[in-house]
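Where a number appears in this text, it was derived from the coordinates with a stated rule and is not lab data. Keep in mind it's a predicted model, so treat the numbers as computed, not measured. A quick note on method: Cβ atoms are made from the backbone with ideal geometry, for glycine too, and the neighbour counts reach across all protein chains shown.
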Amino acid sequence: MERFGFVGLPNAGKSSLYNALSGGSALAAPYAFATKDPNVGVAKVPDTRLDELAAMSKSKNVVPASVQFVDIGGLVEGASAGEGLGNKFLANIREADAIVFVLRGFEDDDVPGPSDPLEHLRIVETEIALADLETVETQIDKRRKAAKQDRAVADEVAALGEALTVLSEGTPIYRSELGDESRQLLRNYFLLTNKPVLAIVNVGEDDLERVDDKVAPVLAEFGGHGEVIGMCVQLEAEAAQLDVAERAEMLEGLGLGEGALPRFLHTAYQMLGLRTFFTTGEKESRAWTFRAGYKAPQCAGVIHTDFERGFIRAEVIHWDELLEVGSWSKARDVGKLRVEGKDYVVADGDVMEIRFNV
């Protein structure tokens, strides 16, 4: 399961976002460091395709794709020098697949701290870049010594050297000109700024009609190096506590449609190059997550390693074609199911049945 790490200043709305995604009740208090230990939760990725397939198959069980997220304590300016909780707690999200910045964009006299999202962005970017700089400085000398014994390490040392130059200037790696090859070589070091980035600009309820204006400066600052979404996190968290019908009524009444959370989850999902294939039947309809470019045996392995090891073939039909036909058995009868082998590159939205033998 893919993991997203929430990073932001105290009182930016990280714990409220956690509650909005999980329907949980993490402490969200108007004072610094209400969260000292990480909260780990799981959010289901909404997908109307799965819902329609489940209705067609009259499935008894429906299992959507999921992502995991980690809410850590607030980061403050000077954390790299030991201020606040220090930067050691960032270790809790080093293994995250992507970073989500939660940037405060709301005014509230009862909540301390700046309300300018650009100020939030400046501080968190500086602190995580400094945390990465410390990691690189610690590792590069060790790897240089290792390179003398193993020439294969030389490329890794070169990538660390590039990262050292960039981070010493206070620039996050995702904003730098480091190439894909260098960034790939750096993955083993779990650098925070070597991950995809998405920013949530958390606005007040009174600013919902101006959310695009709040988002625009952050989007311009990123310059194409990250995704940005605006939302009122507090409203989304309140809606998450309601049942489905009441939630829809609340969001519709506020003119928010289905809310910003589905858009956030889909954006995060796509940002990592994740795609979905489906299995469906009377017993269960399920969404399975795979990486773009996976071939049929790799996707079979997502279900179970035995499926990949003993893969023979896959019967495949795209989800909308299957709905048009009306059932898996009818699709087979009218010759709509394709038989694909080991070289088939699975497409987002494929419905598959795997044949294997071990």
Exercise for review: Tell me which residues, restricted to region 129-153, are within 14 Å of Leu164 (Cα to Cα) and either of a type outside the set (D, E, K, R) or touching an Asp or Glu at 6+ places or on another chain (Cβ under 8 Å) (or both).
Suggested key: Ala129, Leu130, Ala131, Leu133, Thr135, Val136, Thr138, Gln139, Ile140, Arg143
Review point. Can you tell me which residue in region 337-353 is nearest to Asp51 (Cα to Cα), limited to those that are aliphatic (A, V, I, L, M) and in a strand (DSSP E or B)?
Key: Val351
Check your understanding: Which one of these is small (Gly, Ala, Ser) and under 24 Å from the mean Cα position of the chain (by Cα): Ala152, Ala159, Ala129?
Key -> Ala129
Review point. So which of Ala314, Ala300 ends up being surrounded by 17 or more Cβ atoms within 10 Å (Cβ to Cβ), touching a residue at least 12 places away in the same chain (Cβ under 8 Å) and assigned to a helix (DSSP H, G or I)?
Key: Ala300
Practice item. Would you mention how many residues in region 110-141 are among the charged types (D, E, K, R) and either outside any helix (DSSP H, G or I) or surrounded by 19 or more Cβ atoms within 10 Å (Cβ to Cβ) (or both)? Key: 5
Point to revise | Residue count, region 41-56 (criterion: in contact with a helix residue (DSSP H, G or I) (Cβ under 8 Å, 6 or more places away or on another chain) and under 17 Å from His318 (Cβ atoms)) | key: 4
